[in-house]
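Structure record follows, encoded as structure tokens.
The values are calculated or read from the model by the stated rules, or taken from the named source; none is laboratory data. Quick caveat, the model's predicted, so the values are computed rather than measured. Positions of Cβ are generated from backbone atoms using ideal geometry, with glycine treated the same way; all protein chains shown enter the neighbour counts. Note: accessible area is taken over every heavy atom of the protein model, side chains too, but ligands, DNA and RNA are not part of it. Shrake-Rupley method; radii C 1.70, N 1.55, O 1.52, S 1.80 Å.
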Amino acid sequence: MEPGFWQARWETKQIGFHEGKPNTYLVKHLPRLDLAPGARIFLPLCGKTRDIAYLLGQGFAVAGAELSRIAVDELFAELGVVPEITEAGDLLRFHAPGLDIFQGDIFALTAETLGPVDAVYDRAALIALPPDMRPRYAAHVRAITGAVPQLVVTLVYDQSLVGGPPFSVPASEVHALHDAGYQVTQLDAVTRPDALKGQWEATEEVHLLLRR
């Protein structure tokens, strides 16, 4: 999607993708990442997700990338934290103890700017991107994180019923994007009759990616 699409979504508060509580699958499957206390987890296209507060509360450090300045400002406001804001190349870095959010185009984020991370948690990033952007995104995240383990939540439905985002990303595509570098294991597949805008059936899938 063009950057202006997401900027407009935040400006007009069309953020149905935002969950007001920690994601069920994150809470359930986080232990499968086998992370040490204090490990640093990267959340691409993170918005103002409540998953960040949850991870911080579990003793982890968090790094995120988010295009919208509105989302980042609201994230820190809801956390009750005033960040230190500095330039990081073409991005802005919002820093607080245990938390770094890089605001701007994720493709401008480098491994050096991001710094070391121990895992990636992708709840709504891969499914936010159209098919032609997903290979570039997957390769970029793998490159800037050093192919650390990933927990990826996707949505699968009949794409002919409604256009994305969120887009349908079946397990076969997750494998096509990641089999070269990861062993991909499906951890969950839960079908909900009202998962997609409350009108269409969709299956939420959770995948664990471990480096080969």
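For the options G181, G198, G47, a Gaussian network treatment of the chain with springs between C-alpha atoms closer than 10 Å singles out G198 as fluctuating the most. Within the chain, antiparallel bridges make up roughly 65 percent of the DSSP beta bridges whose residues both belong there. Structure remark: mean-square fluctuation, Gaussian network model of the chain, C-alpha springs under 10 Å; the largest value among T154, T49, T191 belongs to T191.
Were the residues from T86 through V27 laid out at 0.36 nm apart, the gain over their Cα-Cα distance would be 18.1 nm. Charged side chains reduced to their Cβ positions (Lys and Arg at +1, Asp and Glu at -1) give the range 75-212 a dipole of some 260 debye around its Cα centre. For the options D73, D105, D158, a Gaussian network treatment of the chain with springs between C-alpha atoms closer than 10 Å singles out D158 as fluctuating the most.
The structure shown yields Cα extents along the principal axes in Å, and of the options (1) 44, 42, 30; (2) 53, 35, 30; (3) 61, 34, 28 that calculated value carries the label (1). Computed over protein heavy atoms with a 1.4 Å probe, the accessible surface of the range 25-91 works out to 45 Å² per residue.
Length available on full extension from D179 to T191: 0.36 nm per residue minus the Cα-Cα distance, which gives 1.9 nm.
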